[in-house]
1. Taking only pairs six or more apart or across chains, which ones have beta-carbon atoms under 6 Å, a first residue in region 20-35 that is closer than 17 Å to I58 by Cα, and a second residue that is in a helix (DSSP H, G or I) and more than 16 Å from ligand 4 (Cβ to nearest atom)?
2. Could you identify the single residue in P66, P73 that is in contact with a Ser or Thr (Cβ under 9 Å, 6 or more places away or on another chain) and away from ligand 1 (no atom under 16 Å from the Cβ)?
3. Quick one: which helices (runs of 4 or more DSSP H) sit completely within region 38-126 and have at least 3 residues that are of a type in the set (A, V, I, L, M, F, W, C) and either under 26 Å from the mean Cα position of the chain (by Cα) or surrounded by 15 or more Cβ atoms within 10 Å (Cβ to Cβ) (or both)?
Amino acid sequence: MEAWLRCPICLEIADQAMETSCCHQVHCRACVARVNRCAQCRHEPVRAEASALARRMIDSLPFKCPHCDRRGPRGEIREHEVACERRPIKCPAPDCQYQGLAPEFLLHLKDKHREALLRNADKCFA
Ligand SMILES: [Zn+2]
Ligand SMILES: [Zn+2]
Ligand SMILES: [Zn+2]
Ligand SMILES: [Zn+2]
């Protein structure tokens, strides 16, 4: 794996890659935004600019959807992830921490929120 595409703060592949002006190390945009000092060379204050090259390289890295077996370039999988049918759904009910795949989620709704479902059934088609 290209080491320079890895963020030295969270140690993941940099998200929305930014490159520092001090040591040209790639960081996530969110990570570099919350530090004053460069995590790589300790230069202070740290300055970073969007790195089009790093972003292009990161988008083309081989990647696997964390929810299913689909593989492809990272940019493509990132888009797929949002619509992935294996992605767990979080129960929207207040005070409910349940999270599961669509078929189990439906069972959970039927099981735990039967009353609310019946009461609100008409809202599904509003
Ligand atoms: Zn990071
Ligand atoms: Zn630096
Ligand atoms: Zn998927
Ligand atoms: Zn629930």
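1. V26/W4; V26/L5; V26/A54
2. Details: P66 fails: in contact with a Ser or Thr (Cβ under 9 Å, 6 or more places away or on another chain).
Criteria check complete, one pass: P73.
3. Working: elements: 52-59, 74-83, 102-112, 114-120.
Output list reads 52-59, 74-83, 102-112.
Condition check ((1) within 16 Å of ligand 3 (Cβ to nearest atom); (2) in contact (Cβ under 8 Å) with a residue 24 or more places away in the chain) across all residues:
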residue: M18; (1), (2): no, yes
residue: H43; (1), (2): no, no
residue: R56; (1), (2): no, no
residue: C68; (1), (2): yes, no
residue: P73; (1), (2): yes, no
residue: E76; (1), (2): yes, no
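Since every read-out is calculated from the coordinates, none of them should be taken as a lab result. What you see is a predicted model, and the numbers here were worked out from it, not measured in a lab. FYI the Cβ positions are ideal-geometry reconstructions off the backbone, even for glycines, and counts take in every protein chain you see.
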